[in-house]
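Visitor: Have a look at this one before I ask anything.
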Amino acid sequence: MVKNRKLPAPNEGDIFTIPLDADRVAVGQVVSSLHSAYYIVVFDFVVPASEIPLRTPEALRAKPFLAGLTFAALIRHGHWHVVDRRPVDSKKFLPAYKTGAGHLGNCMIEDFKGKVWRPATPLEEEIIPFRELTSPIRFEKAMKAHIGLDPWDESYERIRVGEVFTSADLFGD
């Protein structure tokens, strides 16, 4: 019996591809890690797999389309391929989160790593999201839907990049 070999865990700055069909891939980057999860950004950039890594710089200049905390399963098992590593400006991407509950009087805002926190203002309590983990396959399915291969599911909206309040915005990190 042959055991599946796991690849090493990803590192900050790793650039990876997400297969979309027989020829095309999306491009993402690992921004940071938190315990056993990874904050990733997937760019609004689809390219034939044969053109990677030549077009990697172009991919990194594209607008981020999806972002969130996920696990490394599809990277560690070789389904998503790490193709390069480049510096990443985590201050530009890493969100702040809320914890607690306002109706209990304990809603707090914390930085991405959960090391700095303070009471939430009423507006922050309303607009800052809770920390959530999303399966890596959901990122893949959302990108396939984005390019028209599958129907768009409303659940993809929670990983779609919108107005993000970064840790740097709220805590000056």
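The values are calculated or read from the model by the stated rules, or taken from the named source; none is laboratory data. On a predicted model such as this, the values are computed, not experimentally measured, just so you know. Neighbour counts run over all protein chains shown; Cβ positions are idealised from the backbone, glycine included. SASA here: full protein model, heavy atoms, side chains in, ligands and nucleic acids out. Shrake-Rupley method; radii C 1.70, N 1.55, O 1.52, S 1.80 Å.
Visitor: Count charges around Ser50 for me, please; just the other residues with Cβ under 11 Å from its Cβ, Lys/Arg as +1, Asp/Glu as -1.
Guide: Net local charge, Ser50 excluded: 0.
Visitor: Next question, about the same structure. Of all the accessible heavy-atom surface of segment 32-163, with the other protein chains kept in place and a 1.4 Å probe, what percent is carbon and sulfur?
Guide: In segment 32-163, the share of accessible area belonging to carbon and sulfur is 54 percent.
Visitor: Also, I was wondering about something else. Nearest 0.05, what FRET efficiency do Arg86 and Ser33 give at R0 = 22 Å with Cβ-Cβ as r?
Guide: The formula returns an efficiency of 0.85 here.
Visitor: In degrees between 0 and 90, to the nearest 10, how far off the longest principal axis of the chain does helix 136-146 point, with axes built from Cα atoms?
Guide: That helix lies at roughly 80 degrees to the long axis.
Visitor: Would you compute, for the Cα atoms of segment 23-98, the largest minus smallest coordinate along each principal axis and list the three values in descending order, in whole Å?
Guide: 40, 27, 19
Visitor: Across the chain, how many lysine pairs, 8 or more positions apart or on different chains, have C-alpha atoms separated by under 24 Å? Please give the number.
Guide: Count of close lysine pairs: 11.
Visitor: If you don't mind, there's one more thing I want to ask. So what's segment 124-173 giving for Cα Rg divided by 2.2 N^0.38 Å, two decimals?
Guide: Compactness ratio reported: 1.41.
Visitor: How big is the shadow of the Cα convex hull of segment 1-58, averaged over all directions, in nm²?
Guide: Taking the Cα atoms of segment 1-58, their convex hull projects to 5.5 nm² on average.
Visitor: Would you mind getting the accessible area per residue of segment 1-123, heavy atoms of the protein chains only, 1.4 Å probe, in Å²?
Guide: On a per-residue basis, segment 1-123 sits at 55 Å².
Visitor: Rounded to whole Hz and in sequence order, give me ³J(HN,Hα) for segment 115-127 from the Karplus expression 6.51 cos²θ - 1.76 cosθ + 1.60, θ = phi - 60°, writing x for Gly and Pro.
Guide: 9, 10, 8, 7, x, 7, 6, x, 5, 4, 4, 7, 10
Visitor: For the chain, what is the convex hull volume of its Cα atoms per residue in Å³?
Guide: Enclosed volume per residue, from the Cα hull, is 141 Å³.
Visitor: Between segment 33-48 and segment 86-131, what is the C-alpha centre distance in whole Å?
Guide: Here the answer is 20 Å between Cα centres.
Visitor: Subtracting the Cα-Cα distance from 0.36 nm times the residue separation, let me have the gained length for Leu54 to Ala22 in nm, one decimal.
Guide: 9.6 nm is the gain from fully extending Leu54 to Ala22.
Visitor: Given contacts defined as C-alpha pairs under 8 Å and at least six residues apart, what's the relative contact order of segment 26-75, whole-number percent?
Guide: 41 percent
Visitor: Just order 27-38, 119-130 by mean Cβ neighbour count inside 10 Å, highest at the front, would you?
Guide: Ranking the peptides 27-38, 119-130 by packing returns 27-38, 119-130.
Visitor: Can I ask one more? Find the relative contact order for the chain and round it to a whole percent, using C-alpha pairs within less than 8 Å whose residues are 6+ positions apart.
Guide: 22 percent
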